[in-house]
Amino acid sequence: MAAEIRLFTCLTDNFGYLIHDPATKATASIDAPEAAPIIKALEREGWTLTDILITHHHHDHVGGVAELKQKYNCRVVAPHDKAARIANVDLRAGQGDVVKVGGLLARVLETPGHTLDHISYVFDSEKALFAADTLFSIGCGRVFEGDYPMMWDSLLKLRALPDDFRLYCGHEYTAANVKFALTVEPDNAALKARAEEVTRLRAANKPTLPTLLGEEKKANVFLRADEPSVAASLRMKGADATAVFGELRERKNKS
C-alpha cells in the first residue's frame, strides 16, 4: 500500500505534515510547529506518532517537539547541529543518510542557506519532497545564516529531482511569492497559470500545496536564476546565476 500524506495548518501560516505507512502503522510528522494540530490530525486518522523528522532549528518548526515526545515517546530525527539548539533528539541525519519510517525510506539532502543546519527529506518511492523553508512554491526561504551561493546550490539540489515529485514546503506563502515573481517574469505563461490557480485555491480557503516540482521549475523564478531571460529582466545580462539569484532574493526581501 502506498504511503498516506496529510496536510494541515499550524500556527499562523505553517504547514503540518503527517506521512503514514499503512503496512507498519508507522507515522512521521515532518517538523512540529505546535503540538495541538498534530495531535488532532493523528486522532482524526487513528494514527500513532512514531517519528518526528526535523528540518531545521527555527522555533516555528520545533515548538511542538517536547510535548509530542512526551505524549508518544516518538523518535526525533534532526540535522547535525553543533550549537545544540534542537532538544530531545534521538538521531542526527546528514547528506546521503536514509531515515526509515516503518517501511518508508526518507533520503536526506543537506540544503543550507536559510539556516546552516537545514535538511530536506526525499521519499523517492512516494515521489514526495519535504523542503520546509528552503524551497517554497514560487519562492524560496530568506537567507538568514548562509549566503547566496550556498542557497543557490541547495536549490539546484532540489531542482535536480524528477518533475513528477510533489513539493511540500513549510509555509503558505504562495500568493505573496506569485505577486513578486510576476514583477520579474510578467509574461511567463506557467507563472500566470499558477497565479490563477492560487487565486482560486485561496478564495476557496484551500492550500496551494502540494505542487509538482516540474511546474515549479517552469514558474518559480528562484529556480530560474540561470535562465538568460531572468537575468535580462533584472538588467543583469550575462551575469553569473548566483549573482542573479542574490539580486532576486534581495528584491524579494524588500517587496
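Numbers at a glance
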| read-out | value |
| --- | --- |
| Filtered residue count, the range 226-244, keeping only those that are among the aliphatic types (A, V, I, L, M) and more than 26 Å from the chain's Cα centre (by Cα) | 4 |
| Filter result (among the hydrophobic types (A, V, I, L, M, F, W, C) and either within 20 Å of Glu197 (Cβ to Cβ) or surrounded by fewer than 21 Cβ atoms within 10 Å (Cβ to Cβ) (or both)) within the range 129-160 | Leu129, Ala131, Leu135, Phe136, Ile138, Cys140, Phe144, Met150, Leu156, Ala160 |
| Residue list for the range 47-65, restricted to those being among the charged types (D, E, K, R) and either surrounded by fewer than 21 Cβ atoms within 10 Å (Cβ to Cβ) or modelled with pLDDT under 95 (or both) | Asp60 |
| Residues within the range 123-169 that are of a type outside the set (Ser, Thr, Tyr), assigned to a strand (DSSP E or B) and under 21 Å from Thr9 (Cα atoms), tallied | 12 |
| Exclusive hit being buried (at least 19 other Cβ atoms within 10 Å of the Cβ) and more than 23 Å from Glu126 (Cα to Cα), set Leu11, Leu68 | Leu68 |
| Residue among Arg6, Arg92 that alone is closer than 20 Å to Ser125 by Cβ and either modelled with pLDDT of 95 or more or of a type in the set (A, V, I, L, M) (or both) | Arg6 |
| Residues (within 21 Å of Asp60 (Cα to Cα), of a type in the set (Val, Ile, Thr) and in a strand (DSSP E or B)) located in the range 83-121 | Val108, Ile119 |
| Output for the range 44-58, where each listed residue is in contact (Cβ under 8 Å) with a residue 24 or more places away in the chain and over 20 Å from the mean Cα position of the chain (by Cα) | Glu45, Trp47, Thr48, Leu49, Thr50 |
| Residue within the range 128-147 that is closer than 19 Å to Lys252 by Cα and aromatic (Phe, Trp, Tyr) present | yes |
| Selected residue (only one of Ala78, Ala41, Ala32, Ala28 is in a loop (DSSP other than H, G, I, E, B), within 25 Å of Leu167 (Cβ to Cβ) and under 21 Å from the mean Cα position of the chain (by Cα)) | Ala32 |
| Selection within the range 113-137 - under 21 Å from Ile5 (Cβ atoms), more than 10 Å from the chain's Cα centre (by Cα) and β-branched (Val, Ile, Thr) | Val122 |
| Out of Val101, Val62, sole residue that is closer than 23 Å to Ala35 by Cα, in contact (Cβ under 8 Å) with a residue 12 or more places away in the chain and over 18 Å from the mean Cα position of the chain (by Cα) | Val101 |
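So that you can scan it fast, the table gives a plain yes or no per residue for (1) within 25 Å of His61 (Cβ to Cβ); (2) surrounded by 19 or more Cβ atoms within 10 Å (Cβ to Cβ):
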position: Asn177; (1), (2): yes, yes
position: Ala181; (1), (2): yes, yes
position: Lys206; (1), (2): yes, no
position: Asn220; (1), (2): yes, yes
position: Leu223; (1), (2): yes, yes
position: Arg235; (1), (2): no, no
position: Arg249; (1), (2): yes, yes
position: Asn253; (1), (2): yes, no
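The values are calculated or read from the model by the stated rules, or taken from the named source; none is laboratory data. Please read all numbers here as calculations on a predicted model, not as lab measurements. Note that each Cβ is placed from the backbone with ideal geometry, even for glycine, and that neighbours are counted across all protein chains shown.
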